1. Using the Cα centre of the stretch 81-239 as the reference point, and only Cβ charges (+1 on K/R, -1 on D/E), how large is the resulting charge dipole? Debye, rounded to the nearest 20.
2. Rounded to two decimals, what ratio of Rg to Rh does the stretch 75-183 give with C-alpha atoms and a Kirkwood Rh?
3. Under the definition of Cα pairs under 8 Å and six or more residues apart, what whole-number percent is the relative contact order of the stretch 32-153?
4. Considering the dipole of the chain built from charges on the beta carbon (Lys and Arg +1, Asp and Glu -1) around the Cα centre, which of 80, 175, 213 is farthest to its positive end?
5. Computing the accessible area with a 1.4 Å probe over protein heavy atoms, can you report the carbon and sulfur percentage for the chain?
6. Put a dot 7 Å past each Cα toward the Cβ at residue 16 and residue 75; how far apart are the dots in nm?
7. With a cut-off of 8 Å between alpha carbons and a minimum separation of six or more residues, what is the relative contact order of the stretch 1-65 in percent?
8. Just to confirm, what accessible area per residue do you get for the stretch 1-148 at 1.4 Å probe, in whole Å²?
Amino acid sequence: MLASLSETDLAQVRPYLEPVDLPLNTVLIEAGQPVAHATFIEAGLGSVIVSAGEGDRVEIGLFGRDGFACPALVLGSDRVPQQTFMQVGGHGYRIGAEEFRAIIDASPSFRGLLLRYTHTFLIQTAQTAHANATAPVQERLARWLLMYHDRQDGDELMITHEFLSMMLGTRRSTVTLALQLLEGARLIQARRGRIRVLDRAGLEGTAGDAYGPAEAEYERLIAPLCRRADRPLPHHHSD
């Protein structure tokens, strides 16, 4: 996302970017609370979840280096009813919500880019709702793995069965069976806490119509999802 900014917009944003470590389970946005920062993930994966009661949580959207938390800031809201947290640890940059809104107001091109991203994110959440309502768990799992794969380098995906069951809104035993089916088809290799993608094209075939529309729209309006940053940003420093 940051690499997609024009030189002019990057010059406006850069002074306010604060490098941050984003370990696993870091809460970026708390449900119903004022949003303090816009956070751009450079490595890792963020998840937007809805709490369904009794401790159940279901993912409705995810993002990595392709986006930011949270699009509601662009739409004029300072809070949302869903929590956003890091389901895969990493690092990135954050900018204060007040400064973020000021730059949006001052730069039509920056606002336009963020609105295009918001549009693609809304399509993704609609696709998730459709997949959760109609697609078998094997297809939904293939779609989710592809979405994770899109947002990181390499074929190794760091994720547990417990997290996958939450992401897909299903029982852990159901996730285990779906993983076994994908592994039996030699599309993935599953190990404790990690999954290796062996056959990307095969996963896309398994996901079917559940995967693709949001990704195609992102590429049409912004950039290929797999694009690496081609412009240096301030170096990230770990504490």
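1. Values: 19 positive and 18 negative charges, 51 e Å.
Value, rounded to 20: 240 debye.
2. 1.04
3. Details: 163 pairs, mean separation 38.1, N = 122.
Averaging sequence separation for qualifying contacts and normalising by length gives 31 percent for the stretch 32-153.
4. Projecting each Cα onto the dipole axis, the largest value belongs to 175.
5. Values: 5690 of 11340 Å².
The C+S portion of the solvent-accessible surface of the chain is 50 percent.
6. About 2.1 nm, to one decimal.
7. Computed value for the stretch 1-65: 26 percent relative contact order.
8. Here the residues of the stretch 1-148 average 40 Å² of exposed surface.
The values are calculated or read from the model by the stated rules, or taken from the named source; none is laboratory data. Note that this is a predicted model, so its numbers are computed, not measured. As a convention, Cβ positions derive from the backbone with ideal geometry for all residues, glycine included, and neighbour counts pool all protein chains shown. Remember, those area values only see protein heavy atoms, side chains included, never the ligands or the DNA or RNA. Shrake-Rupley method; radii C 1.70, N 1.55, O 1.52, S 1.80 Å.
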